[in-house]
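So the structure is just underneath, and the comments pick up after that.
The values are calculated or read from the model by the stated rules, or taken from the named source; none is laboratory data. These numbers come from a predicted model, not from an experiment. Every residue, glycine as well, gets a Cβ built from its backbone with ideal geometry; the counts of neighbours run over all protein chains shown.
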Amino acid sequence: MTNSGQELGGATDDEIRAALAVADPMTLRGLLYQLTGDESLARLPVTLAPAGNAEAMRLADKADAALVREKALRFLAAHRDRGAPDLPLGPADRLPRSMGLVAGVELPADELECWTEELAVDPFARGLRWPRTPDPEALAGFSVLVIGAGLGGLGAAVQLERAGIPYTVVEKNPGVGGTWYENRYPGARVDTPSRAYTHLFGVDYEYPNPFCEQAENEKYFNWVADTFGVRPHIEFDTEVRSAVWDEAAARWRVTLASPEGEREIAVNAVISAVGFLARPNIPDLPGAELFEGAAFHSARWPAGLDLEGARVGVIGSGCTSYQMAPELAGTAGHLSIFQRTPQWVFDRPGYRTAFPPEATWLDRNVPWYRNFQRLRVSWLSGPHVQSAAFTIDPEWSDPHTLSALNARLREQRLEFLQRKLAGRPDLVTAMTPDHPPMSARPVVVDPGLSVVDTLLRDDVDLVTAPITEVTATGVSTADGADHPLDVLVYATGFRANDFLWPMEIRGRGGRRVEDLWARDGARAWLGTMLPGFPNFFLLYGPNMNPFSLGVVTFSEMTTRFALDRVAELVLSGRSSVEVTEEAYDSYNTALDARERTRTWSDPRVDNYYRNAHGRSAANCPFEGTEMWRWLRHPEPGDLVVR
């Protein structure tokens, strides 16, 4: 694969210099080293500095950052003067060190393959590699059902298409995108960098924002469906009612419901790409049915809703509510935010702002820049940066925090609140959580305009008294106040711990998945397989919400795992594969032990990170690179092939 600039040939030195001014120096350092082998780049000192909600290496001296940009200018000017031809990536044996220069540390040898994949030089590095050509008849006779056409389902469909494995995707909505099709509330956007919120095969997709809003995310998923030819395989407005394993036929009998009615199909394997933030959670509030205005969950935002001058109430204080508030204030006549528990907010420069033109110019014209920038962004969300932020120090003694880093994060977040809310100590108190940072989902906000700024408006109220009832005209709270409303928005999250609900899934002997999970909630082996449920793969299963690396990376890892197992069945002529009870139990014992070291196990927080049994069925306590290694090289004895 090669990479060349589309516009570099006509660019002046000043134009190149202006573009490089917005480039990440660590990214440039590793990229230039890979392309030139300039050893002086490797000798530049680095230092630990704040990076989002953690700390990471950056160049220690601003003069060195300027030096890297000047070297990049000279390299690009010379490349331009040669006519900007396609430029090979450079020696493969240089790549580990180049990637280490992007990260600021030497990469562990056992992680090199994982990080090389993240570089996306091979955009299909996590696809199926057939060890030998399958028999056409055996391949044609094997069928896979993918449930869901969101991030995971589309990724699986693309890889199945490339592998030549017959498949069908069913999607309950009329379009692709999953959560990004459903969540259309004002302000909806990703809270992880968009560069890492694309599949490897989407590395060349040009995002306009560092953190893209809903419409752009939906656009990306439509691009995937059309670019890779998977849309004809998707049945929209179709839900899975049940999937029952037929022992005699070694197939899943799946009942589908669509506007045309119900029907049953038989498939060899099922890939569940159902997200765990997919089914709205509506609180049972007294009198809710009496409200005469518009009332709806944030994931069911009505098209064309006019809020001009309306009195709007938002129940909830998570990411959705905090994202929504700055968008609603000023349009609504009055906004009331009903907050039970405040969340720690982390300001990220540019969160709501489009990339400058220079940034997208770099992507198009600096050879391999977008690949190395993707690596840098992935590294910042990976285990060597994020792990410390989510780890409890057992020797740390402080009533408010869980480690030295946790204490620094708390001080930074308090300083942000106190600076923004100067003169309003009541709001500082109301917006300061009792739980430590990183024990609940951190909320990313824009430093220029966020929910914190919104609270200072005269037409916005933060209501912290508990709701006692909903009336025909508004909401009443425990302090005796009545809050008149025209519109009531439930930003109350999802049934995150009800994995696979409301589908009925029955494995060997008719065993229900609820029976397997009766003791303490949803579990899986490596987040993807269940004992007694052959040929059933979850892409975003229990304990697969990652804190290091990202959800796209995790879904690609589980997709490759599933397709590798399918390939083994096709090539061997066998009918089923499943995880053993012993492997399932052993993995979950290790998971529980690791869970106790993570910040979200702190008892002071109560959210979807903890299920009714007091444990997390959502978060993955293992490092992303650990999960990569286990899914890439599973222990043979953990699986039974029949």
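Here are A465, A562, A472: which of them is surrounded by fewer than 24 Cβ atoms within 10 Å (Cβ to Cβ) and in contact with a strand residue (DSSP E or B) (Cβ under 9 Å, 6 or more places away or on another chain)? Spell out how you get there, then give the answer.
Numbers: A562 fails: surrounded by fewer than 24 Cβ atoms within 10 Å (Cβ to Cβ); A472 fails: in contact with a strand residue (DSSP E or B) (Cβ under 9 Å, 6 or more places away or on another chain).
That would be A465, the only listed residue that is surrounded by fewer than 24 Cβ atoms within 10 Å (Cβ to Cβ) and in contact with a strand residue (DSSP E or B) (Cβ under 9 Å, 6 or more places away or on another chain).
I want to confirm something. Restricting to region 477-498 and keeping residues that are assigned to a loop (DSSP other than H, G, I, E, B) and in contact with a Leu (Cβ under 8 Å, 6 or more places away or on another chain), which single residue is surrounded by the most Cβ atoms within 10 Å (Cβ to Cβ)?
Let us first name the residues in region 477-498 that are assigned to a loop (DSSP other than H, G, I, E, B), namely 478-481, 485-486, 491-493, 495-498.
Pick out the ones that are also in contact with a Leu (Cβ under 8 Å, 6 or more places away or on another chain) and you get 493, 496.
Details: G493: 22, A496: 20.
Step by step, filter region 477-498, then rank; the result is G493.
From L380, L375, L362, which residue is under 20 Å from L409 (Cβ atoms), among the hydrophobic types (A, V, I, L, M, F, W, C) and not assigned by TED's automatic domain parsing to the domain that holds F622? Even if it seems obvious, please write down each step before you answer.
Details: L375 fails: under 20 Å from L409 (Cβ atoms); L362 fails: under 20 Å from L409 (Cβ atoms).
L380 is the lone residue from the list that is under 20 Å from L409 (Cβ atoms), among the hydrophobic types (A, V, I, L, M, F, W, C) and not assigned by TED's automatic domain parsing to the domain that holds F622.
When you look at Y609, is it hydroxyl-bearing (S, T, Y) and not in a helix (DSSP H, G or I), yes or no? Lay out the reasoning, then the answer.
On the way: hydroxyl-bearing (S, T, Y): yes; not in a helix (DSSP H, G or I): yes.
The answer is yes for Y609.
What's the number of the condition R519 fails, among (1) part of a loop (DSSP other than H, G, I, E, B); (2) of a type outside the set (A, V, I, L, M); (3) out of contact with any helix residue (DSSP H, G or I) (no Cβ under 6 Å at 6 or more places or on another chain); (4) crowded, with 24+ Cβ neighbours inside 10 Å?
R519 satisfies all of (1) part of a loop (DSSP other than H, G, I, E, B); (2) of a type outside the set (A, V, I, L, M); (3) out of contact with any helix residue (DSSP H, G or I) (no Cβ under 6 Å at 6 or more places or on another chain); (4) crowded, with 24+ Cβ neighbours inside 10 Å except (4).
Do you know which residues across region 393-419 are crowded, with 20+ Cβ neighbours inside 10 Å and out of contact with any Phe, Trp or Tyr (no Cβ under 7 Å at 6 or more places or on another chain)?
T401, L405, N406, L409, R410, L417
Could you pull out the residue among D64, D14, D93 that is under 33 Å from the mean Cα position of the chain (by Cα), assigned to a helix (DSSP H, G or I), in the same structural domain as R370 (by TED's automatic domain parsing) and not hydrophobic (A, V, I, L, M, F, W, C)? Step through it out loud before you land on a result.
Working: D64 fails: under 33 Å from the mean Cα position of the chain (by Cα); D14 fails: under 33 Å from the mean Cα position of the chain (by Cα).
Step by step, each of D64, D14, D93 is checked, and only D93 is under 33 Å from the mean Cα position of the chain (by Cα), assigned to a helix (DSSP H, G or I), in the same structural domain as R370 (by TED's automatic domain parsing) and not hydrophobic (A, V, I, L, M, F, W, C).
So which of A84, A78 is in a loop (DSSP other than H, G, I, E, B) and more than 27 Å from the chain's Cα centre (by Cα)?
On the way: A78 fails: in a loop (DSSP other than H, G, I, E, B).
Of A84, A78, the one residue that is in a loop (DSSP other than H, G, I, E, B) and more than 27 Å from the chain's Cα centre (by Cα) is A84.
Looking at this structure, is V102 within 20 Å of L200 (Cβ to Cβ), of a type outside the set (K, R), outside the structural domain of R413 (by TED's automatic domain parsing) and in contact with a helix residue (DSSP H, G or I) (Cβ under 9 Å, 6 or more places away or on another chain)?
Numbers: within 20 Å of L200 (Cβ to Cβ): yes; of a type outside the set (K, R): yes; outside the structural domain of R413 (by TED's automatic domain parsing): yes; in contact with a helix residue (DSSP H, G or I) (Cβ under 9 Å, 6 or more places away or on another chain): yes.
It is true that V102 is within 20 Å of L200 (Cβ to Cβ), of a type outside the set (K, R), outside the structural domain of R413 (by TED's automatic domain parsing) and in contact with a helix residue (DSSP H, G or I) (Cβ under 9 Å, 6 or more places away or on another chain).
State whether the residues of region 320-329 include one that is of a type in the set (V, I, T), in the same structural domain as D606 (by TED's automatic domain parsing) and out of contact with any Cys (no Cβ under 7 Å at 6 or more places or on another chain). Quick ask: steps written out before the conclusion?
First, the residues of region 320-329 that are of a type in the set (V, I, T): 320.
Now narrow it down to the ones that are in the same structural domain as D606 (by TED's automatic domain parsing): none.
No: zero hits.
Just to check your reading of the model, which residue among L405, L417, L449, L409 is part of a loop (DSSP other than H, G, I, E, B) and under 29 Å from C212 (Cβ atoms)? Spell out how you get there, then give the answer.
Details: L405 fails: part of a loop (DSSP other than H, G, I, E, B); L417 fails: part of a loop (DSSP other than H, G, I, E, B); L409 fails: part of a loop (DSSP other than H, G, I, E, B).
Answer to the selection: L449.
From (1) in contact (Cβ under 8 Å) with a residue 60 or more places away in the chain; (2) of a type in the set (G, A, S); (3) part of a loop (DSSP other than H, G, I, E, B); (4) within 20 Å of S601 (Cβ to Cβ), pick out the condition that doesn't hold for A388.
Going through (1) in contact (Cβ under 8 Å) with a residue 60 or more places away in the chain; (2) of a type in the set (G, A, S); (3) part of a loop (DSSP other than H, G, I, E, B); (4) within 20 Å of S601 (Cβ to Cβ) one by one, A388 breaks only (3).
Pick out, from region 114-205, the helices (runs of 4 or more DSSP H) lying fully within it that include 3 or more residues that are touching a residue at least 60 places away in the same chain (Cβ under 8 Å). Quick ask: steps written out before the conclusion?
Numbers: elements: 136-140, 151-163, 179-182.
The helices (runs of 4 or more DSSP H) meeting that bar are 151-163.
Take the conditions farther than 26 Å from P442 by Cβ, out of contact with any Lys or Arg (no Cβ under 8 Å at 6 or more places or on another chain), in contact (Cβ under 8 Å) with a residue 24 or more places away in the chain and of a type in the set (K, R) and apply them to R94. Does it pass? Quick ask: steps written out before the conclusion?
On the way: farther than 26 Å from P442 by Cβ: yes; out of contact with any Lys or Arg (no Cβ under 8 Å at 6 or more places or on another chain): yes; in contact (Cβ under 8 Å) with a residue 24 or more places away in the chain: yes; of a type in the set (K, R): yes.
Judged against the criteria, R94 is a match.
Looking only at region 348-362, count how many residues are crowded, with 18+ Cβ neighbours inside 10 Å and not in a loop (DSSP other than H, G, I, E, B).
Selection size over region 348-362: 3.
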